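First the structure, in the form of structure tokens, and then the observations on it.
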Amino acid sequence: MSSADLDDVEISDNGAVLLGENVVCDSHYQRPLRIISHAHSDHMLGISDSLKFCEKVVATPVTKDIIGILKGKETADPVVSLDYGLPFEYRGERVILYPAGHIPGSAQVLVETRENQRILYTGDFRYPPAEVVETDILITEATYGNPECVRDFNDNVETELTGLIKKSLKNNSVYIFGFYGKVQEVVTILNNSDINVPIVVPEKIFKILKVCSSHGMKVKDFYFSKSDAGIEIRKAPHIGVYHTTAARWTGKDAVKILLTGWQFDAPVKPVGEKKFRVALSDHSDFNQLLEFISMVHPTLVVTDGYRAREAGLFALEINNRLGIRAVSRPR
Ligand SMILES: [Zn+2]
């Protein structure tokens, strides 16, 4: 490994994460190789500009398919898909994507430079199960970079969630709300539980779940809410899984469960009549972030301050607790 240098990495004012000489991730920048780490809006910035000006736009096959659903086929078709673990050589640099454990298709991006420097960008990630990849320079997300952001109950959330759903289903339908990625996770949790009540979902989530199952993920027993089967199911107590933005007007009279990463004192909290918040997160909490960083052995860490307001504090914590040089970018 060579010595790590800030000349090889940068985060621009528009959120573009620059790795080595050629690669830009998660926003547009005048570089030949654009990579989309995953299909959340703050990582799909400037895709149409990148499709116009970059030589190649790259994502995992699952991310490419989800982009097709969220942004339309015209946007997704020119995106080049790259599987996890397959090296992609470009002008003397090598790019490899690794599982990030965040949402379906989410990837960490490793760039090996001409000088054999290794630069790893985590994108959004959850550790475990994100893959541990040794690196010289690490660019990390910092969503829960504040030391107060710790969920000691991480292991119990699924049990608490299924317990709450079972109890609620005795007299009601249950509607669960989360962001894309988290809703897929909740369907998997339901599929793996002994809850056998059918699940209805809106059109976009239906299509995303179809993509997930076509790529071998274990999601099943879900129905488009407006299909004949969906309409029939909705006549009896059932489960609805919807995007967070639909929480206000969907699931009238049902027990509502809002999934959030921003709850640290308890896995389940009542927040109103027949309304609960459950601390299901697809990001690493503060301790998991630190554990991951110490596992990948960087000599320099850059925290993503474009996407997290605690990135500056997190850089200080990395410095103090792990003794690793850390800075936040953009400045
Ligand atoms: Zn994300």
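The values are calculated or read from the model by the stated rules, or taken from the named source; none is laboratory data. Quantities reported herein were computed from a predicted structural model and do not represent experimental measurements. Every residue, glycine among them, receives a Cβ derived from its backbone with ideal geometry; neighbour counts consider all protein chains shown. The area values use the complete protein model at the heavy-atom level, side chains included, leaving out ligands, DNA and RNA. Shrake-Rupley method; radii C 1.70, N 1.55, O 1.52, S 1.80 Å.
Summary of values
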read-out	value
Debye log10 I(q)/I(0) for region 154-278, one point scatterer per Cα, at q = 0.10, 0.23 Å⁻¹	-0.27, -1.59
Centre separation in Å (Cα based) which lies between region 153-193 and region 61-124	30 Å
Backbone HN-Hα couplings from phi across region 5-20 [Karplus 6.51/-1.76/1.60, Hz, Gly and Pro as x]	9, 5, 5, 8, 9, 6, 10, 7, 5, 9, x, 7, 9, 9, 10, x
Cα centre as origin, Lys/Arg/Asp/Glu Cβ charges: region 57-183 dipole, Debye	580 debye
Amide H contacts under 5 Å for Gln108, placed H, 5+ residues apart	Tyr98, Ala100
Built amide H within the under 5 Å cut-off of Ser328, gap 5+	Thr303
Total charge dipole magnitude, the chain, about the Cα centre, Cβ charges on Lys, Arg, Asp, Glu only, Debye to nearest 20	1520 debye
Mean Cα-pair separation over length for region 154-278, i.e. relative contact order, pairs under 8 Å, 6 or more apart, %	36 percent
Heavy-atom surface of the chain, accessible at 1.4 Å and reported per residue (Å²)	44 Å²
Over region 84-190, relative contact order from alpha-carbon pairs under 8 Å, at least 6 apart, %	17 percent
Residues whose placed amide H lies under 5 Å from that of Glu10, excluding near-sequence neighbours	Leu18
Cross-link pairs beyond the 28 Å C-alpha cut-off, checked among Lys71/Lys235; Lys73/Lys275; Lys64/Lys226; Lys170/Lys220; Lys167/Lys252	Lys71/Lys235; Lys73/Lys275
Cα gyration tensor shape for region 1-156, rounded if a/c is under 1.5, else prolate or oblate	oblate
Nitroxide proxy distance, nm - points 7 Å out along Cα→Cβ at Arg309 and Ala246	2.9 nm
Integer Hz, Karplus 6.51/-1.76/1.60 couplings in order for region 103-120, x for Gly and Pro	10, x, x, 5, 9, 8, 10, 9, 10, 9, 7, 4, 8, 6, 7, 9, 10, 10
Karplus-derived 3J(HN,Hα), 6.51/-1.76/1.60, for each residue of region 166-171, Hz, glycine and proline x	4, 4, 5, 5, 4, 10
Share of carbon and sulfur in the accessible heavy-atom surface of the chain [1.4 Å probe, %]	48 percent
Two-decimal Rg to Rh for the chain - Kirkwood Rh, Cα set	0.99
Whole-angstrom gap from region 16-42 to region 272-331, using each part's C-alpha centre	20 Å
